[in-house]
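To start, the structure itself, in structure tokens.
The values are calculated or read from the model by the stated rules, or taken from the named source; none is laboratory data. Since the model is a prediction, treat every value here as computed from it, not as a measurement. Note: ideal-geometry Cβ built from the backbone for every residue, glycine included; neighbour counts use all protein chains shown.
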Amino acid sequence: ERAKAACSNIVETLPPGSAAAFYLASDKPKPIQANPSSDRLALYESIGAAPLSDRATALFPSVAQAVKKLEGSTSIRREIYVVTDNQEIGWRQSAAMKKLIEEQSKDEGKKIRVHFVIVGGTVSPDNIGITSLSPAEGLVTAGKPVRINMALRNFSGSDRESIEVNLRVGGDETVQERVVVPNLEAGDTQTFPFLITLEKPGLHTVTASIAQGDGDNLVADNSRSIVVNALKKVSVLVINGDPSDEFDRDETKLLEAAMVPAAVGKEAEFYISTVTRQPRDIVGGQVIDWASYRAVVLANVQLAQFPDEFVTELASFVGRGNGLLVFPGSKLDREFYNENLHEKLGLLPASFGTAQGDEGQLGIYTSLQDSNYEHPVVEMWNSADSGSLGGRGRGPRFFRRQLLNVPAAVAASRTEVKDGALFAKGDSAPFTGWVVGDEGETAVRYANGEKVELNEEIGLAKTVLAFAEGRHALQEGENLASVADAYGSDAETLAKLNPVETAVGDEVILPSGSPAIVEHTWGLGRVYQFAYTADTDWSELPASPHSVPLYDKIIGSILLNQDANLNLVAGGSFTRELGPVGANLQAKIVSPGQDLKQAKPVAIGNENGLGTLQFDETDRAGVYEVIYEYPEGTEGDVVAPPNVRFATQPDTSESNMTGIASATREELEDVAGIHEWKNADLGPALKKDRIGAEFWLPVILIVLLFAALEIWLAQKFSRPK
């Protein structure tokens with residue numbers, strides 16, 4: 001309320017005829033009154049009605065946008081007012097703000113006066129807060145124990161003792177689990193597990209909260225809620241490209257057994273089930289009920305023979321938040337996969353190269369990496385207790401593999417445009433791959449120097465597993481140069497690994513690092529691409545005990561990606577793909593602290609009969625309820641999608657209550673003035689500033705633009721600290 005009072009006081013000091021715009025400032029400025037207006041009454045009402053926000057504090061983005069807005073004005077007098085608190089985190093880009101002010105001040109005719117106003121005074125930094133709450137595994141099943149990890153941080157300058165944290169499920173106030181932390185040192189973070197069981201399938205709200213204690217100046221981070229999706233059954237569609245009546249020769253029997261490692265006769269009780277189809281089923285016109293599955297496996301499938309709509313439907317399936325696993329084999333039509341799934345759609349994270357190696361020579365093989373497992377799917381093998389996944393002579397052997405060519409990724413700063421085409425600096429050929437911009441920006445795909453327009457947001461490819469040093473038996477007519485070319489290796493590196501002259505039949509040592517499994521996100525889904533077959537034709541891994549946890553982790557990561565949108569940082573966009581729905585489907589959303597009567601109606605996007613809900617007004621932390629319904633009198637037998645809920649959490653940096661550093665303040669005072677507002681009239685000081693010195697004041701939720709005098713007010717209304 002003090003921030004609002006300061007903003008109103010600033011408006012009172014504005015000269016007659018001034019026009020103002022009003023923005024809520026945070027890491028992403030939000031216009032409340034975007035266009036300049038001289039209507040003071042409307043401005044006061046906007047200030048009074050400004051909602052609370054749990055978004056991250058960041059002054060620079062708001063100041064930068066304010067400057068950009070004012071630069072386009074022809075007004076003689078232009079000013080920016082920023083109202084904020086004393087929290088250091090909001091001023092973390094002070095050097096950038098100073099540079100922006102200095103650059104803008106070089107042209108006297110375009111100069112903008114900036115005022116920062118601090119409200120709230122100095123607050124003790126003593127605070128403890130919950131900084132993380134999440135399931136330990138991606139796959140949460142109803143009726144089975146699940147571990148929920150909670151991270152607790154002491155932001156204070158002194159140790160804290162006997163901190164009690166409780167865990168509740170749903171709206172029930174009954175505490176299901178309790179942890180007492182005996183001691184948490186100053187500045188330390190500790191993670192603690194809660195073990196609970198979600199008895200029923202569906203979406204559950206899980207809340208961790210710190211029992212109220214003394215010496216905590218920010219109660220807002222004493223509680224954190226997430227939404228957990230407990231599944232009863234996960235169904236995977238397996239398309240078997242090379243079926244056989246013999247178990248060991250069938251393309252997918254081992255994969256299905258590893259995905260459902262239940263005792264004989266108990267498969268139906270396992271939480272994963274597989275449904276197997278052959279290419280002839282789909283070519284023959286069998287309809288796939290895509291909504292019944294959470295993942296699809298293509299194992300040695302000749303995809304070119306499938307109906308044209310199959311690839312389109314498959315891509316839509318993945319984009320809606322599901323998974324795809326693609327295995328090569330003797331029937332793989334790699335040109336079709338590369339052209340349609342990799343180049344056109346970007347659905348595959350890599351293009352398929354040639355298959356190398358001889359599955360008939362069991363003495364000539366490659367193994368997997370034996371350490372430094374960085375991807376979450378395989379990090380369990382960093383522990384010696386998990387057995388040896390890689391290492392020559394210890395892990396599974398690979399006799400043949402399909403090369404996976406992962407597109408290059410280059411920083412935007414290392415590219416240049418020549419003759420209308422994009423080049424990586426120093427390269428003679430136009431660039432093909434991904435161009436990565438600043439943090440937070442979406443990577444852009446290029447092919448032969450030209451930008452590729454993609455319909456879905458695609459993540460960069462990540463290597464899940466890589467091969468260790470391999471072996472290749474030199475054939476008639478081959479040499480080191482031709483082997484390097486065949487495997488996509490650097491010829492100089494290969495020569496260093498094989499310094500002795502080689503002859504036909506000799507084993508050539510191959511460099512390590514070639515990907516065995518790669519993955520990326522595609523839309524809301526995730527795609528895994530393998531360099532080996534799903535059966536044992538090319539390797540021993542499919543029959544290895546390691547394949548059971550490997551597939552379990554992969555399926556878990558797909559489900560985790562599907563449900564990632566259920567838990568967002570405050571201010572994030574909630575998106576839900578609804579599948580086939582009627583054109584008149586409606587949604588209403590109940591935000592934290594509201595009841596059903598205050599629910600906000602939200603339009604459902606509909607393209608080709610497929611519905612999409614997008615909701616961006618998530619500034620408050622807490623649980624949101626989404627209710628779908630058709631209007632009364634809707635014709636036909638229509639059923640609305642199940643209602644959902646999602647949760648948003650505040651930015652953990654907000655829990656650090658440390659005040660602005662003297663050095664930071666002094667840095668800005670060189671180019672701006674910083675004022676403390678203590679419920680006193682700012683009028684005399686601001687009038688003086690308009691005549692002489694410039695002042696930069698932290699404002700957080702308002703922006704004012706005037707005709708004769710323009711003012712940008714950015715004021716952040718945070719909860720009491």
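Out of the residues in the range 606-625 meeting the condition of being on the phi > 0 side of the Ramachandran plot and loosely packed, with under 15 Cβ neighbours inside 10 Å, tell me which one is modelled with the highest pLDDT. Show your work before the answer.
Applying the first criterion (on the phi > 0 side of the Ramachandran plot) to the range 606-625 yields 608-609, 622.
After this cut, where a residue has to be loosely packed, with under 15 Cβ neighbours inside 10 Å as well, the list is 608-609.
Values: ASN608: 78, GLY609: 82.
Restricting to residues being on the phi > 0 side of the Ramachandran plot and loosely packed, with under 15 Cβ neighbours inside 10 Å, the top hit is GLY609.
Can you tell me which of LEU43, LEU14 is in a helix (DSSP H, G or I), in the same structural domain as VAL114 (by TED's automatic domain parsing) and surrounded by 21 or more Cβ atoms within 10 Å (Cβ to Cβ)? Can you show your working first?
Details: LEU14 fails: in a helix (DSSP H, G or I).
Residue meeting the stated conditions: LEU43.
Can you pull out the residues in the range 27-37 that are under 20 Å from GLU654 (Cα atoms) and modelled with pLDDT of 75 or more? Break it down stepwise before answering.
If we filter the range 27-37 for residues that are under 20 Å from GLU654 (Cα atoms), which is where we start, we get 27-30.
Correct list: LYS28, PRO29, LYS30.
Confirm whether GLU185 is outside the structural domain of GLU676 (by TED's automatic domain parsing), touching a strand residue (DSSP E or B) at 6+ places or on another chain (Cβ under 7 Å), over 30 Å from MET259 (Cα atoms) and surrounded by fewer than 20 Cβ atoms within 10 Å (Cβ to Cβ).
For GLU185, the condition - outside the structural domain of GLU676 (by TED's automatic domain parsing), touching a strand residue (DSSP E or B) at 6+ places or on another chain (Cβ under 7 Å), over 30 Å from MET259 (Cα atoms) and surrounded by fewer than 20 Cβ atoms within 10 Å (Cβ to Cβ) - is met.
For the range 245-260, what are the residues that are assigned to a loop (DSSP other than H, G, I, E, B) and crowded, with 16+ Cβ neighbours inside 10 Å?
Taking the range 245-260 as the starting set, the residues that turn out to be assigned to a loop (DSSP other than H, G, I, E, B) are 245-246, 250-252, 260.
If the condition is that a residue be assigned to a loop (DSSP other than H, G, I, E, B) and crowded, with 16+ Cβ neighbours inside 10 Å, then ASP250, GLU251, THR252, VAL260 are the ones that fit.
Go through GLU540, GLU478, GLU501 for me and flag whichever is of a type in the set (D, E, K, R), touching a residue at least 60 places away in the same chain (Cβ under 8 Å) and either touching a helix residue (DSSP H, G or I) at 6+ places or on another chain (Cβ under 9 Å) or over 18 Å from VAL236 (Cα atoms) (or both). Write out each step before concluding.
Numbers: GLU478 fails: touching a residue at least 60 places away in the same chain (Cβ under 8 Å); GLU501 fails: touching a residue at least 60 places away in the same chain (Cβ under 8 Å).
So the residue among GLU540, GLU478, GLU501 that is of a type in the set (D, E, K, R), touching a residue at least 60 places away in the same chain (Cβ under 8 Å) and either touching a helix residue (DSSP H, G or I) at 6+ places or on another chain (Cβ under 9 Å) or over 18 Å from VAL236 (Cα atoms) (or both) is GLU540.
Restricting the first residue to the range 568-583 and requiring it to be of a type in the set (S, T, N, Q) and surrounded by fewer than 20 Cβ atoms within 10 Å (Cβ to Cβ), which pairs with a second residue that is at pLDDT 85 or above and in a loop (DSSP other than H, G, I, E, B) meet a Cβ separation below 6 Å and a spacing of at least six or different chains?
From the range 568-583, the pairs are SER573/ASP616.
If a residue has to be in a strand (DSSP E or B) and either more than 30 Å from GLN278 (Cβ to Cβ) or without any contact (Cβ under 8 Å) to a residue 60 or more places away in the chain (or both) to count, how many in the range 209-239 make the cut?
Residues flagged as in a strand (DSSP E or B) and either more than 30 Å from GLN278 (Cβ to Cβ) or without any contact (Cβ under 8 Å) to a residue 60 or more places away in the chain (or both) within the range 209-239 amount to 11.
Being touching a Leu at 6+ places or on another chain (Cβ under 6 Å) and either more than 17 Å from GLY171 (Cβ to Cβ) or β-branched (Val, Ile, Thr) (or both) is the filter here; which residues of the range 220-234 pass it? If you could, list the steps in order and put the result at the bottom.
Of the range 220-234, the ones touching a Leu at 6+ places or on another chain (Cβ under 6 Å) are 224, 226-227, 229-230.
Within the range 220-234, ILE226, VAL227, ASN229 qualify.
Does the range 521-541 hold any residues that are part of a loop (DSSP other than H, G, I, E, B), surrounded by 24 or more Cβ atoms within 10 Å (Cβ to Cβ) and of a type in the set (Ser, Thr, Tyr), and which are they?
TYR532, THR533
Determine which single condition ALA603 fails, assuming it passes every other condition in (1) surrounded by 15 or more Cβ atoms within 10 Å (Cβ to Cβ); (2) over 28 Å from GLY90 (Cβ atoms); (3) of a type in the set (A, V, I, L, M).
Tallying (1) surrounded by 15 or more Cβ atoms within 10 Å (Cβ to Cβ); (2) over 28 Å from GLY90 (Cβ atoms); (3) of a type in the set (A, V, I, L, M), ALA603 fails exactly one: (1).
Just to be sure before I move on: is GLY360 in a loop (DSSP other than H, G, I, E, B) and either of a type in the set (Phe, Trp, Tyr) or under 28 Å from ASP506 (Cα atoms) (or both) in the structure I sent? If you could, list the steps in order and put the result at the bottom.
On the way: in a loop (DSSP other than H, G, I, E, B): yes; either of a type in the set (Phe, Trp, Tyr) or under 28 Å from ASP506 (Cα atoms) (or both): yes.
Here the answer is yes, as GLY360 does meet what is asked.
Among the residues of the range 568-616 satisfying the criterion of being aliphatic (A, V, I, L, M) and in a loop (DSSP other than H, G, I, E, B), which is farthest from GLY171 (Cα to Cα)? Let's see the steps before the verdict.
As a first pass, look at the range 568-616 and keep what is aliphatic (A, V, I, L, M): 568-570, 578, 581, 583, 585, 587, 589-590, 596, 599, 602-604, 610, 613.
In the following step, the residues that additionally are in a loop (DSSP other than H, G, I, E, B) were identified as 570, 581, 583, 585, 599, 603-604.
Numbers: ALA570: 21, VAL581: 30, ALA583: 33, LEU585: 28, ALA599: 19, ALA603: 28, ILE604: 28 Å.
Per the criteria, the residue is ALA583.
Of everything in the range 82-99 that's in contact with a Leu (Cβ under 8 Å, 6 or more places away or on another chain) and over 11 Å from ALA25 (Cα atoms), which residue is modelled with the highest pLDDT? Outline the logic, then answer.
Applying the first criterion (in contact with a Leu (Cβ under 8 Å, 6 or more places away or on another chain)) to the range 82-99 yields 82-84, 90-91, 93-94, 97-98.
Then keep just the ones that are over 11 Å from ALA25 (Cα atoms); that gives 91, 93-94, 97-98.
Working: TRP91: 78, GLN93: 80, SER94: 82, MET97: 83, LYS98: 86.
So the residue we want is LYS98.
Which one is nearest to LEU341 (Cα to Cα) among residues in the range 408-453 that are among the aliphatic types (A, V, I, L, M), in a loop (DSSP other than H, G, I, E, B) and out of contact with any helix residue (DSSP H, G or I) (no Cβ under 9 Å at 6 or more places or on another chain)?
As a first pass, look at the range 408-453 and keep what is among the aliphatic types (A, V, I, L, M): 408-412, 417, 421-422, 424, 429, 435-436, 443-444, 447, 452.
Now narrow it down to the ones that are in a loop (DSSP other than H, G, I, E, B): 429, 443, 452.
Imposing the further condition that a residue be out of contact with any helix residue (DSSP H, G or I) (no Cβ under 9 Å at 6 or more places or on another chain) reduces the set to 429, 443.
Details: ALA429: 24, ALA443: 19 Å.
Ranking the qualifying residues of the range 408-453, first place goes to ALA443.
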